[in-house]
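One structure is given here, and the rest of the page talks about it.
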Amino acid sequence: DTGVSQNPRHKITKRGQNVTFRCDPISEHNRLYWYRQTLGQGPEFLTYFQNEAQLEKSRLLSDRFSAERPKGSFSTLEIQRTEQGDSAMYLCASTKYKTATNEKLFFGSGTQLSVL
Amino acid sequence: GQNIDQPTEMTATEGAIVQINCTYQTSGFNGLFWYQQHAGEAPTFLSYNVLDGLEEKGRFSSFLSRSKGYSYLLLKELQMKDSASYLCAVRTGANNLFFGTGTRLTVIP
């Protein structure tokens with residue numbers, strides 16, 4: 001069990017460019033979440049998957065954001081035409097969900113995005 | 001929408017007890033979590049409540065009142081390493097997890 005892995009750790013890009021982040025969850029974890037966090041704030045929900053199905057997407061998420069989890073294992077989050085307001089830490093978390101019990105999330109170390 | 005409120009900052013003295021409150025209004029409720037987050041690090045799980053009452057785990061305890069939409073995290077015998085942000089998170093009826101803005105706790109000697 002190597003934990004949740006996110007790549008890259010840091011990404012600097014120019015406004016208008018596209019970026020893609022990857023998350024590898026803990027093996028056999030069927031649920032995967034994406035959150036965004038800015039300094040001094042709590043994680044803001046973006047979207048989550050159960051296996052390969054995207055079950056919910058935040059209404060605050062613009063159509064420039066898209067996420068996939070094609071084989072129910074790793075996931076990618078793409079931001080198109082980045083804006084300076086997209087600068088944040090993007091956190092991925094996973095869990096083994098069975099029923100609504102105490103299934104805690106395990107977070108990765110995040111990808112810090114800076115849009116210049 | 002989901003509304004989860006916590007104080008922004010708190011300061012407490014080493015060895016003391018501190019209580020961090022959380023109130024919530026969400027679309028459904030399937031449990032409340034507390035996470036700890038040190039600066040520059042990922043959040044880590046502290047506690048979980050789904051029924052009313054107090055859950056104790058070492059120096060940390062968490063309380064829930066579902067009828068009041070209220071929880072608190074109690075930290076005893078504070079240590080300097082407890083300086084961190086404490087995040088209250090609610091699992092909604094749709095089994096999603098929403099976080100509050102977090103309470104930044106500073107422990108002073």
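The values are calculated or read from the model by the stated rules, or taken from the named source; none is laboratory data. Nothing here was measured: the structure is a model prediction, and the numbers come from that model. Methodologically, a virtual Cβ is constructed for each residue, glycine included, from the backbone with ideal geometry; neighbour enumeration extends over all protein chains shown. For accessibility, only protein heavy atoms count, side chains too; no ligands or nucleic acids. Shrake-Rupley method; radii C 1.70, N 1.55, O 1.52, S 1.80 Å.
Whole Å is fine, so just give me how far the alpha carbon centre of region B:71-100 lies from that of region A:33-103.
When both Cα centres are located, 20 Å separates them.
Computed on protein heavy atoms with a 1.4 Å probe, what is the summed buried accessible area for the chain pair B and A, in Å² to the nearest 100?
Values: alone 5840 and 6920 Å², together 11100 Å².
About 1700 Å² of accessible surface is lost on pairing.
Can you give the percent of C-alpha pairs in region A:14-54 whose distance is more than 13 Å? Mind dumping the intermediate values first?
Working: 553 of 820 pairs.
Distances greater than 13 Å cover 67 percent of the Cα pairs.
For region B:86-109, list whatever residues lose no less than 40 Å² of accessible surface once every protein chain is in place, relative to that chain by itself, with the probe at 1.4 Å.
Correct list: B:ARG91, B:ASN95, B:ASN96, B:LEU97, B:PHE99, B:THR101.
At 1.4 Å probe radius, can you tell me the per residue accessible area of chain B in Å²?
In whole numbers, chain B has 46 Å² accessible per residue.
Round to the nearest 0.05 the FRET efficiency obtained for B:GLU14 and B:SER65 when R0 = 35 Å and r is the Cβ-Cβ distance.
Numbers: r = 30 Å, r/R0 = 0.84.
In this case the efficiency is close to 0.75.
Could you run the Karplus curve 6.51 cos²θ - 1.76 cosθ + 1.60 with θ = phi - 60° over region B:4-10 and give me ³J(HN,Hα) per residue in whole Hz, x for Gly and Pro?
Along region B:4-10, the couplings run 10, 10, 9, x, 6, 9, 9 Hz.
For every other residue with a beta carbon closer than 9 angstrom to the beta carbon of A:TYR48, add +1 if it is Lys or Arg and -1 if Asp or Glu, then tell me the sum.
Numbers: positive: A:ARG31, A:LYS57; negative: A:GLU56.
Counting the neighbours of A:TYR48, the net charge comes to +1.
Report, by chain and number, residues whose modeled amide H sits under 5 Å from the one on B:MET10, excluding near sequence neighbours (fewer than 5 apart, same chain).
Amide H neighbours of B:MET10: B:ARG104, B:LEU105, B:THR106.
In square nanometres, what is the average projected area of the Cα convex hull of the protein assembly as shown? Spell out each step's value before the answer.
On the way: hull surface 49.0 nm².
Dividing the Cα hull surface by four gives the mean projection, 12.2 nm².
Pull out the extension gain between A:THR20 and A:LYS71, defined as 0.36 nm times the separation in residues minus the alpha carbon to alpha carbon distance; nm, one decimal.
Working: separation 51, 0.36 × 51 = 18.36 nm, distance 1.73 nm.
The span from A:THR20 to A:LYS71 would gain 16.6 nm if fully extended.
For all pairs of alpha-carbon atoms in region B:7-109, what percent lies in each bin of width 10 Å, listed from the first bin to the last filled one?
Final binned percentages: 16, 50, 29, 5, 0.
Using a 1.4 angstrom probe on the protein heavy atoms only, line up B:TYR35, B:TYR48 by accessible area, largest first.
Result of the area sort, largest leading: B:TYR48, B:TYR35.
Determine the relative contact order of chain B: mean sequence separation of Cα pairs under 8 Å and six or more apart, normalised by residue count, in whole percent. Before the final figure, lay out the partial values.
Values: 284 pairs, mean separation 40.5, N = 109.
For chain B, the relative contact order is 37 percent.
How much net charge surrounds A:ILE79 when only other residues with a Cβ under 12 Å from its Cβ are counted (Lys, Arg +1; Asp, Glu -1)?
Net of charged neighbours comes to +1.
At a 1.4 Å probe radius, carbon and sulfur cover how many percent of the accessible area of chain B? Walk me through the numbers on the way to the answer.
Numbers: 2480 of 4990 Å².
With neighbouring chains kept in place, the figure for chain B is 50 percent.
Within region A:17-38, what residues put their amide N at less than 16 Å from the label point 7 Å along the Cα-to-Cβ vector of A:TYR97?
Within reach of a label on A:TYR97: A:25-26, A:28-35.
Quick one: which of A:LYS14/A:LYS104; A:LYS57/A:LYS104; A:LYS57/B:LYS81; A:LYS104/B:LYS81 span more than 24 angstrom between C-alpha atoms? Walk me through the numbers before you get to the answer.
Values: A:LYS14/A:LYS104 36 Å; A:LYS57/A:LYS104 20 Å; A:LYS57/B:LYS81 36 Å; A:LYS104/B:LYS81 22 Å.
Checking Cα-Cα distances, A:LYS14/A:LYS104; A:LYS57/B:LYS81 exceed 24 Å.
Where in region B:67-90 is the amide nitrogen less than 20 Å from a point lying 7 Å along the Cα-to-Cβ axis of B:ASN21?
Of the residues in region B:67-90, B:67-76, B:85-90 have backbone N under 20 Å from the label point off B:ASN21.
At q = 0.22 Å⁻¹, what base-10 log of I(q)/I(0) does the Debye formula yield for region A:16-108 when every alpha carbon is treated as an equal point scatterer in vacuo?
Relative scattering, expressed as log10 I(q)/I(0), comes to -1.15.
Which net charge results for the neighbourhood of A:LEU61, defined as the other residues with beta-carbon distances under 10 angstrom from its beta-carbon, given Lys and Arg at +1 and Asp and Glu at -1? Display every interim value, and only then the final one.
Numbers: positive: A:ARG36, A:LYS57, A:ARG59, A:ARG64; negative: A:GLU44, A:ASP63.
Around A:LEU61, the surrounding residues sum to +2.
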